[in-house]
Amino acid sequence: MSNTQAIETFSDTNNLSVFDWVDARHQFLVGTYDRLMVTPDRKQISRCLYLAHQIQNACKHHESGILAALQLNRTPKHQYIKELMAGVLCELLGKKARMTPSSRLLLICASLTQDIAMLDLQDSKLDRQATPLTESQLKFIRKHATTGRSILVKAGVKDALWLNAVEQHHERLDGSGYPNGLKEEDISLGAKVLAIADIYAAMVRPRGDRGIKTPKYAIKEVFLQRGEQLDVTLVKNLIDILGVYPPGAWVKLANGELGVVSASGQDVPFPIVSVVLDNSGQLLPSAQTRDTQIKECSVIDMVDTPFLFNLGAILSSIWPTIPEDKKHGVKGN
Amino acid sequence: MRPLKLTPLLQLNIRVIDDQHQQLIDMINQTQDILNHQEDPVALVQILNQLRELTILHFTTEELLMKKYAYPDLKNHKSQHDISAQKTFDFDGAALMDDPSAAHSLLSLLRSWLLTHISEDAEMAKFLREKGAE
């Protein structure tokens with residue numbers, strides 16, 4: 001490649017922090033939902049596929065950074081972060097379950113559109129409602145999987161994997177799920193994967209009637225549902241992907257330092273942590289990497305996000321940036 | 001107290017399960033050692049983190065084998081697993097650093113985890129071996 005070509009290629013690319021990358025995908029998803037509600041047609045379906053493709057590509061080299069940003073991006077503007085996080089988890093779980101790239105693409109689409117029939121309710125009510133769900137809301141929710149499938153069919157989706165995953169993502173192995181009370185052998189693999197991704201992602205995001213749960217709590221709860229409700233191998237795979245301390249979790253180390261898990265310890269209980277606050281609670285000038293296998297850097301426990309205003313820059317520097325094509329990158333809505 | 005050993009009485013003769021039980025026994029002995037020699041409690045935190053990982057691996061390994069060979073008491077066995085898993089997840093790691101009694105609680109957690117579990121496992125292992133598991 002000549003120097004001129006190299007410069008042109010470089011100038012056509014933006015490098016986004018993992019947080020900005022997630023924000024841009026979120027904005028694009030919001031725009032897609034707005035359009036789908038007005039005119040459910042092929043154009044909006046193409047937008048879902050396009051977004052799914054970007055998620056799949058970015059997961060190849062930026063798995064930990066994206067998972068961390070999805071865990072840490074928690075402002076009220078991130079109302080559909082659950083769908084994005086579940087999409088990323090579907091890609092990673094699908095890969096472990098040896099699904100083909102094209103099947104995984106459809107599964108990510110299913111994740112992005114799983115609640116398409118109750119966006120209105122989520123948007124205007126559930127996220128702000130501090131009281132438990134009413135009888136009529138519950139009835140509506142129990143129908144959303146079937147209605148969601150119908151909306152997607154109307155919009156032109158023909159792929160069985162996508163449609164079945166949306167319709168069956170609340171079915172449970174013991175037949176206790178909805179809408180049809182299907183049992184293990186009758187639930188598609190895509191729906192089993194999506195169910196696990198959705199339950200985990202839903203627990204680590206705040207909702208009106210309940211607070212945010214820590215990743216440790218969410219992992220425990222998903223683990224306890226294995227067997228009766230969720231597929232044992234897929235649950236084990238989720239914990240293998242995330243680790244007991246998932247990327248983006250705030251942790252305290254034995255030496256008193258506070259940091260964020262930057263990469264899970266694959267198959268070992270020792271994640272890599274980027275320390276952000278020293279042992280007296282002072283913000284460090286730059287994040288310092290700690291190997292938690294070393295005794296004094298052992299992870300003691302997860303902690304709540306520290307209340308500091310200026311964490312953005314230091315957190316952004318922890319994970320490599322993601323190159324984004326200026327011409328073909330996501331351009332909001 | 002003498003170190004624990006995976007004696008023939010405790011062995012179930014299904015290799016993958018015995019190997020994981022051995023890891024648990026090693027953790028019990030390490031914890032006992034740390035207590036005997038009043039070593040740095042950070043080592044206990046490392047053991048707790050390893051125990052959480054082993055709990056997930058071991059219980060899923062057994063449950064997949066039980067399912068594969070259609071073990072009739074899978075549901076009950078799983079609910080015993082859940083009790084130990086819940087205690088392991090809920091154990092307060094931070095307390096190990098500044099409360100000496102927490103170290104003893106960790107040791108009893110490990111011991112009860114092993115003893116209740118291995119006795120439950122004996123019947124399961126007999127069934128699995130008869131079905132051809134090794």
Inset, instruction - Between beta-carbons, use under 12 Å as the cut-off and find the net charge around B:Q86, counting Lys and Arg +1, Asp and Glu -1. - result: 0
Legend entry - Antiparallel DSSP beta bridges within chain A, percent to nearest 5: 95 percent
Inset, instruction - Using 0.36 nm per residue of separation minus the Cα-Cα distance, give me the extension gain between A:S102 and A:Y217 in nm, one decimal. - result: 38.1 nm
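About the Cα centre of the protein assembly as shown, what is the dipole size in debye to 20, counting +1 per Lys and Arg Cβ and -1 per Asp and Glu Cβ, all else neutral?
On the way: 51 positive and 56 negative charges, 301 e Å.
Taking the Cα centre of the protein assembly as shown as origin, the dipole is about 1440 debye.
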Inset, instruction - Please name whichever of A:Q282, A:A160, A:I322 sits farthest to the positive end of the charge dipole of the protein assembly as shown, dipole taken about the Cα centre and charges placed at Cβ: Lys and Arg +1, Asp and Glu -1. - result: A:A160
Legend entry - Relative counts (whole %) of C-alpha pair distances in the protein assembly as shown, using bins that are 20 Å wide: 22, 52, 24, 2
Inset, instruction - Mind giving me the nanometre distance, one decimal, between the label points for A:D278 and B:D90, set 7 Å out from Cα along Cα→Cβ? - result: 3.9 nm
Inset, instruction - Using packing as a proxy for protection, rank A:187-199, B:21-33 so that the peptide with the highest average count of other Cβ atoms within 10 Å comes first. - result: A:187-199, B:21-33
Legend entry - For A:V273, distant residues with modelled amide H under 5 Å away: A:S262, A:R290, A:T292
Inset, instruction - Using the charge dipole of the protein assembly as shown (Lys, Arg: +1 at Cβ; Asp, Glu: -1 at Cβ; taken about the Cα centre), state which of A:S298, B:S101, A:G65 has its Cα farthest towards the positive end. - result: A:G65
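Just to confirm a number: summing +1 for Lys and Arg and -1 for Asp and Glu over residues other than A:N164 whose beta-carbon lies under 11 angstrom from that of A:N164, what do you get?
Working: positive: A:R149, A:K192; negative: A:D159, A:E167, A:E171, A:D186.
Here the count lands on -2.
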Inset, instruction - Identify which of B:N36, B:N49, B:N13 has the largest mean-square fluctuation in a Gaussian network model of chain B, with springs joining Cα atoms closer than 10 Å. - result: B:N36
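About the Cα centre of the range A:6-246, what is the dipole size in debye to 20, counting +1 per Lys and Arg Cβ and -1 per Asp and Glu Cβ, all else neutral?
Approximately 200 debye in magnitude.
Rank by packing, highest mean first: peptides A:172-181, A:133-142, with packing defined as the count of other Cβ atoms within 10 Å averaged across residues.
Details: A:172-181: 16.1, A:133-142: 12.6.
Listed from highest to lowest mean packing, they are A:172-181, A:133-142.
Can you tell me the FRET efficiency between A:V38 and A:E135 if r is taken as the Cβ-Cβ distance and R0 is 35 Å, rounded to the nearest 0.05? Walk me through the numbers on the way to the answer.
Numbers: r = 30 Å, r/R0 = 0.85.
The computed FRET efficiency comes out at 0.75.
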Inset, instruction - Wrap a convex hull around the Cα atoms of the range A:6-246, take a quarter of its surface area, and give that in square nanometres. - result: 13.3 nm²
Inset, instruction - Mind checking which aspartates and glutamates have their Cα closer than 19 Å to the Cα of A:K154? Skip sequence neighbours fewer than 8 apart in that chain. - result: A:D34, A:D41, A:D115, A:D120, A:E167
Inset, instruction - Would you mind counting up the charge near A:I294? Only other residues with Cβ under 14 Å from its Cβ, with Lys and Arg at +1 and Asp and Glu at -1. - result: -2
Legend entry - Kirkwood Rh and Cα Rg combined as Rg over Rh, evaluated for the range B:46-134: 1.05
Legend entry - Mean separation of Cα contacts under 8 Å (6+ apart) over length of chain B, as relative contact order %: 37 percent
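Counting only other chains, and only Cβ atoms inside 10 Å, what mean value do you get across the residues of A:298-305?
Values: counts 11, 5, 10, 10, 1, 1, 0, 0.
Other-chain Cβ atoms within 10 Å of each residue's Cβ, averaged: 5.
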Legend entry - Top positive-direction residue, dipole computed over the range A:6-246 with Cβ charges, set A:N15, A:L189, A:Q229: A:Q229
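In whole percent, what relative contact order does chain A give with Cα contacts below 8 Å and a gap of six or more residues?
Values: 548 pairs, mean separation 69.7, N = 333.
Averaging sequence separation for qualifying contacts and normalising by length gives 21 percent for chain A.
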Legend entry - Efficiency of FRET between A:L311 and A:A160 - r from beta-carbon atoms, R0 41 angstrom, step 0.05: 0.40
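For a 30 Å ceiling on Cα separation, which of these pairs sit above it: A:K60/A:K139; A:K220/A:K295; A:K216/B:K75; A:K96/A:K216; A:K216/B:K131; A:K213/B:K131?
Going by Cα-Cα distance, A:K60/A:K139; A:K216/B:K131; A:K213/B:K131 fall outside the 30 Å limit.
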Legend entry - Per-bin percent of Cα-Cα distances, the range B:1-108 [5 Å]: 2, 11, 20, 20, 19, 14, 8, 4, 2, 0
Inset, instruction - Evaluate the Kirkwood expression for the hydrodynamic radius of the range A:225-312, namely the inverse of the mean inverse distance over all pairs of different C-alpha atoms, and round to one decimal in Å. - result: 13.8 Å
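What is the mean number of Cβ atoms from other protein chains located within 10 Å of the Cβ atom of each residue in peptide B:42-50, rounded to a whole number? It would help to have the intermediate numbers written out before the result.
Details: counts 9, 3, 1, 8, 9, 1, 5, 13, 4.
The mean count of partner-chain Cβ atoms within 10 Å per residue comes to 6.
Each value in this text was obtained by applying a stated rule to the coordinates, not by laboratory testing. The structure displayed is predicted, hence computed values, not measured ones. Cβ: placed from backbone, ideal geometry, glycine included. Neighbour counts: every protein chain shown.
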